[in-house]
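Q: After the structure tokens below, expect a handful of questions from me.
Only the coordinates and a few stated rules stand behind these numbers; no lab work does. Computed from a predicted structure; not experimentally measured. Quick reminder, even Gly has a Cβ in these numbers, built from the backbone with ideal geometry, and neighbours come from all protein chains shown.
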Amino acid sequence: MPVEIYLTASEEETISLGETLARRLPSKAVVLLIGNLGAGKTTLAKGIVKGLGVAEPEQVSSPTFTLIHEYGPSCYHIDLYRLDREREVETLGLEEIFEKEAVILIEWGERFRSLMPPLRIEINIEAKAEDIREIRFELKADS
Ligand code: ADP
Ligand code: MG
């Protein structure tokens with residue numbers, strides 16, 4: 001599977017990278033945003049949402065408490081940070097969302113891999129220095 005690695009040096013650069021990546025996403029895609037707290041998952045989501053044209057970055061906030069934000073019919077942003085058990089995640093109705101013709105961005109989805117679709121995009125974000133982030137873009141197909 002191809003892997004692409006990018007470096008960004010500011011929040012703004014990560015937002016523009018998200019915009020660029022958004023243009024290459026299929027209209028139906030599950031994208032796991034993976035990285036520690038403060039890595040830049042929500043920041044990249046802002047860029048992707050902007051690139052898709054479904055909302056402005058200022059309108060994108062972290063769904064930490066609300067769990068699911070819906071940006072029109074074609075984009076969802078989900079944050080599973082507050083959930084601990086598969087049982088809790090199962091009550092969200094993710095399977096129904098996964099069937100939609102939509103780009104579905106998920107933070108902390110890797111903690112519940114068995115509930116994620118086998119075909120997905122994984123974006124790993126790692127802080128390399130205060131403002132430097134390494135962003136790895138990878139297509140996954142679990143068998
Ligand atoms: P997460 O959702 O992974 O917890 P956020 O996107 O909410 O992270 O926060 C990332 C934080 O890191 C923000 O405060 C942002 O300003 C800061 N930051 C510094 N450099 C970068 C960068 N290159 N890319 C993204 N965020 C950065
Ligand atoms: Mg976040």
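Q: Relative to the present Cα-Cα distance, how much length would full extension add between Glu86 and Leu139 at 0.36 nm per residue of separation?
A: 16.7 nm
Q: Here is a follow-up. For the Cα atoms of the chain, what angle does the longest principal axis make with the long axis of helix 41-52, in degrees from 0 to 90, nearest 10?
A: 90
Q: Still on this structure: Given Cβ point charges of +1 (Lys, Arg) and -1 (Asp, Glu) and nothing else, what value in debye, to the nearest 20, does the dipole of region 13-124 about its Cα centre take? Walk me through the numbers before you get to the answer.
A: Details: 13 positive and 17 negative charges, 50 e Å.
It works out to roughly 240 debye.
Q: Within region 14-107, which chymotrypsin sites (Phe, Trp or Tyr not before Pro) sit in a loop by DSSP and count at most 13 neighbouring Cβ atoms inside 10 Å?
A: Answer in residue order: Phe65.
Q: While we're on this one: Work out from phi, with θ = phi - 60° and the Karplus expression 6.51 cos²θ - 1.76 cosθ + 1.60, the ³J(HN,Hα) of each residue of region 65-76, listed in order in whole Hz, and give x for Gly and Pro.
A: My calculation for region 65-76 gives 9, 8, 6, 9, 10, 10, 9, x, x, 10, 8, 10 Hz in order.
Q: Between region 37-83 and region 91-123, what's the alpha-carbon centroid distance in Å?
A: One Cα centre to the other: 14 Å.
Q: How far is helix 11-24 tilted off the main Cα axis of the chain, in degrees rounded to 10, range 0 to 90?
A: 60
Q: Mind checking which of Thr42, Thr14, Thr66 has the largest fluctuation in a GNM of the chain, springs on alpha carbons under 10 Å?
A: Greatest mean-square fluctuation among the candidates belongs to Thr66.
Q: Among Glu101, Glu58, Glu110, which one shows the highest mean-square fluctuation when the chain is modelled as a Gaussian network with alpha-carbon springs under 10 Å?
A: Comparing Glu101, Glu58, Glu110 in a Gaussian network model of the chain, the most mobile one is Glu58.
Q: Looking at the chain, send over the antiparallel percent of its DSSP beta bridges, to the nearest 5. Spell out each step's value before the answer.
A: On the way: 18 of 32 bridges.
DSSP beta bridges in the chain are roughly 55 percent antiparallel.
Q: Going highest first, how would you order 17-23, 126-132, 28-34 by mean Cβ packing within 10 Å?
A: On the way: 17-23: 18.9, 126-132: 11.1, 28-34: 20.9.
Packing proxy ranking, top to bottom: 28-34, 17-23, 126-132.
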